[in-house]
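Participant: Supplied in structure tokens, the structure appears directly below.
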Amino acid sequence: MYSETPLGFGAGQIPHLPNLYCDELLYSYVARIARYNGWSSPALLKHLYGKDSSIKARMSADLPIRIGAICSKFPSVPDYDPRLILHRHTLIPYHTSFLPSLAKDDIIKNLIDSDAKNGLNTIGKNIRDSYLKFCPQCNLENLNKFGESYWNRLHQLPLVDICLKHKTVLKLTEVKAFRSSYLICVDNDSCPYDARPCVSFEPGDNVNQFIEFAKYSHSLLRRPKQIEDFAELKRLRMNKLSHLNLLTSGSMIRADEFADAAQIYVGSITKYHPIFDINGRWISNLLGSEHRCNSPVYHILFDYILKGLLNDGIKITSRACWPAYKRLFSGYKWPCRNRLTCDEVRENVRIVNTSRRKGGIIVATMQCECGYSYSVSRRPDGKFNSPRYKSAGPEVEHYLCETKGRNVMRNSEKLSMSLCAYRSVLKKCKKNKPDF
Ligand SMILES: [Zn+2]
Ligand SMILES: [Zn+2]
């Protein structure tokens, strides 16, 4: 079906040149050209890069190189201007968005002109997704509209798991994103119906965090940031941190407090993307030197946390009284664990206190209207440890006084407390029992 022989035609002589779609990856376009003309993609790539090129005829979906050479084989119309192609049909604007202007211009120039991979030295090490992603609904819509679908660059942004148009979770393909000589088109084989979703949400996950992250990532493609120099960016962020009371007197970031904030504002994201090791080095790297943190994912997350803190008007004064911890527990139904004197259907359990422990563990104390209280600790991965009994409360104590504490086993079970704890409550009751 495909021709493997080198293509014998010159510039502008590709017989069937389809239209480029909005936000279509250059990779996707080249794959479609091959299909439209019945050629193999390695043969087409060889033609596009030029026969004498020392470059292996391979192409990355997110960061293609030698864009100028490729575009020279297209008609000379504005749509095929290499700079325009780079800005509209690759992820390069995203990957260069937190670089100072001079460095960015240099990389872009290299990716357009040079034979070498110079441009990739800096941004090629950025965090990138290894496989292409797709939105089934987008594919269906495109199919109805154009008779075919294509790889949308908005879906390929690193760690972006959501299609913003349909608010659905993207699906993962087995199509390699880096340096392929066989370019794959979107079809039922590459984007199967039963493909694995990028993320499977669990109860309690805050989907909004994923949406905000995707929005910010998209905006970097649409309106690339202009950063004159890194020092300026750093100064801006330090100002915000200091406004939030998140800097020590020595202008260091208060890492524990910042980690708490991260937990609250991006906890659902960090749970699925362990590269954001929340107590890790990325935050200090980000505020350190421009060469230590090029990947936009870190900048996006950092700015997202800062924005959340500023919007909420939170001034961090002391850890223990920080009400924001409460939010980590407030999305759940906490039952009363006292089934001895309290009706299970009573829904009056309140979070009365929260505090932070070592290792990012947040502990909340729950108290029922009946006075019974217990504590729950939340691990950094968002899971809760089993609740621990704290105090029985007046209702229980009154009951135990009245009944003289019979049925030790059964009662302690009903009160979700250990025998030992139960006996100490009994002892207290005996001591306080009024004499009649
Ligand atoms: Zn979609
Ligand atoms: Zn209760």
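Participant: Looking at the range 129-143, I want the residues that are under 12 Å from Tyr193 (Cβ atoms) and have a partner that is in a helix (DSSP H, G or I) and near ligand 1 (Cβ under 8 Å from one of its atoms) with Cβ atoms under 7 Å, at least 6 apart or on another chain. Which pairs are those?
Facilitator: Phe134/His155
Participant: Could you list all residues from the range 132-155 that are touching a Phe, Trp or Tyr at 6+ places or on another chain (Cβ under 7 Å) and surrounded by 23 or more Cβ atoms within 10 Å (Cβ to Cβ)?
Facilitator: The answer is Leu132, Tyr150, Trp151, His155.
Participant: Sort through Leu63, Leu44, Leu91, Leu25 and tell me the only one that's crowded, with 22+ Cβ neighbours inside 10 Å and more than 24 Å from Gln226 (Cα to Cα). Steps first, please.
Facilitator: Numbers: Leu63 fails: more than 24 Å from Gln226 (Cα to Cα); Leu91 fails: more than 24 Å from Gln226 (Cα to Cα); Leu25 fails: more than 24 Å from Gln226 (Cα to Cα).
None of the other options fit; the residue is Leu44.
Participant: Evaluate the range 357-367: report whether one residue or more is assigned by TED's automatic domain parsing to the domain that holds Lys428 and within 19 Å of Cys420 (Cα to Cα).
Facilitator: Of all residues in the range 357-367, those assigned by TED's automatic domain parsing to the domain that holds Lys428 come to 357-367.
Those left that are additionally within 19 Å of Cys420 (Cα to Cα): none.
Taking every residue of the range 357-367 in turn, none turns out to be assigned by TED's automatic domain parsing to the domain that holds Lys428 and within 19 Å of Cys420 (Cα to Cα).
Participant: Which pairs have Cβ atoms under 7 Å, sit 6 or more apart or on different chains, and link a residue in the range 149-174 that is touching a residue at least 24 places away in the same chain (Cβ under 8 Å) to one that is within 16 Å of ligand 2 (Cβ to nearest atom)?
Facilitator: none
Participant: Within the range 395-402, is even one residue surrounded by 17 or more Cβ atoms within 10 Å (Cβ to Cβ) and in a strand (DSSP E or B)?
Facilitator: Within the range 395-402, none of the residues are surrounded by 17 or more Cβ atoms within 10 Å (Cβ to Cβ) and in a strand (DSSP E or B).
Participant: Next question, about the same structure. Cys401 - would you say it is in contact with a Leu (Cβ under 6 Å, 6 or more places away or on another chain) and either modelled with pLDDT under 85 or farther than 11 Å from Asn338 by Cβ (or both)? Show your work before the answer.
Facilitator: On the way: in contact with a Leu (Cβ under 6 Å, 6 or more places away or on another chain): no; either modelled with pLDDT under 85 or farther than 11 Å from Asn338 by Cβ (or both): yes.
No: the conditions fail for Cys401.
Participant: Would you please name the residue that is farthest from Phe258 (Cα to Cα), looking only at residues in the range 368-377 that are surrounded by fewer than 21 Cβ atoms within 10 Å (Cβ to Cβ), out of contact with any Asp or Glu (no Cβ under 6 Å at 6 or more places or on another chain) and of a type outside the set (Asp, Glu)?
Facilitator: In this case the residue turns out to be Ser375.
Participant: If you go through the range 199-250, how many residues are of a type in the set (Val, Ile, Thr) and in contact with a helix residue (DSSP H, G or I) (Cβ under 7 Å, 6 or more places away or on another chain)?
Facilitator: First, pick out the residues of the range 199-250 that are of a type in the set (Val, Ile, Thr): 199, 207, 211, 227, 248.
Next cut, in contact with a helix residue (DSSP H, G or I) (Cβ under 7 Å, 6 or more places away or on another chain) only: 199, 227.
Total satisfying the criteria: 2.
Participant: Going residue by residue through the range 206-223, is there one that turns out to be surrounded by 16 or more Cβ atoms within 10 Å (Cβ to Cβ), touching a strand residue (DSSP E or B) at 6+ places or on another chain (Cβ under 6 Å) and assigned to a helix (DSSP H, G or I)? Show your work before the answer.
Facilitator: Step one: list which residues in the range 206-223 are surrounded by 16 or more Cβ atoms within 10 Å (Cβ to Cβ), which gives 206, 209-210, 212-214, 216-218, 220-221.
Adding the requirement that they be touching a strand residue (DSSP E or B) at 6+ places or on another chain (Cβ under 6 Å) leaves 210, 214.
Pick out the ones that are also assigned to a helix (DSSP H, G or I) and you get 210, 214.
Yes, the range 206-223 contains a residue that is surrounded by 16 or more Cβ atoms within 10 Å (Cβ to Cβ), touching a strand residue (DSSP E or B) at 6+ places or on another chain (Cβ under 6 Å) and assigned to a helix (DSSP H, G or I).
Participant: Still on this model: Answer yes or no as to whether Leu63 is in the same structural domain as Trp151 (by TED's automatic domain parsing), assigned to a loop (DSSP other than H, G, I, E, B) and under 33 Å from the mean Cα position of the chain (by Cα).
Facilitator: On the way: in the same structural domain as Trp151 (by TED's automatic domain parsing): yes; assigned to a loop (DSSP other than H, G, I, E, B): yes; under 33 Å from the mean Cα position of the chain (by Cα): yes.
In short, yes.
Participant: Consider the range 1-42. How many of its residues are hydrophobic (A, V, I, L, M, F, W, C) and modelled with pLDDT of 90 or more?
Facilitator: 10
Participant: Also: Answer yes if at least one residue in the range 103-114 is surrounded by 22 or more Cβ atoms within 10 Å (Cβ to Cβ) and at positive phi, and no otherwise.
Facilitator: Checked the range 103-114: no residue is surrounded by 22 or more Cβ atoms within 10 Å (Cβ to Cβ) and at positive phi.
Participant: A follow-up question, please. Could we say that Pro158 is under 27 Å from Asp381 (Cβ atoms) and within 16 Å of ligand 1 (Cβ to nearest atom) here? Walk me through how you get there before you give the answer.
Facilitator: Numbers: under 27 Å from Asp381 (Cβ atoms): yes; within 16 Å of ligand 1 (Cβ to nearest atom): no.
No; evaluated as a whole, the condition is false for this residue.
Participant: Of the numbered conditions (1) under 30 Å from the mean Cα position of the chain (by Cα); (2) polar (S, T, N, Q); (3) in a loop (DSSP other than H, G, I, E, B), Ser416 fails exactly one; give the number of that condition.
Facilitator: The one condition Ser416 does not meet is (1).
Participant: When Cys163 is evaluated against the numbered criteria (1) surrounded by fewer than 18 Cβ atoms within 10 Å (Cβ to Cβ); (2) at pLDDT 95 or above, which criterion, by number, is the only one it fails?
Facilitator: That leaves (1) as the condition not met.
Participant: Checking the structure you have, find out if any residue of the range 248-266 is under 12 Å from the mean Cα position of the chain (by Cα), part of a loop (DSSP other than H, G, I, E, B) and either outside the structural domain of Asn144 (by TED's automatic domain parsing) or small (Gly, Ala, Ser) (or both).
Facilitator: The answer is no; no qualifying residue exists.
The values are calculated or read from the model by the stated rules, or taken from the named source; none is laboratory data. Given the structure is predicted, the values throughout are model-derived calculations rather than measurements. When we count neighbours, we look across all protein chains shown, and the Cβ atoms used for this are built from the backbone with ideal geometry, even at glycine.
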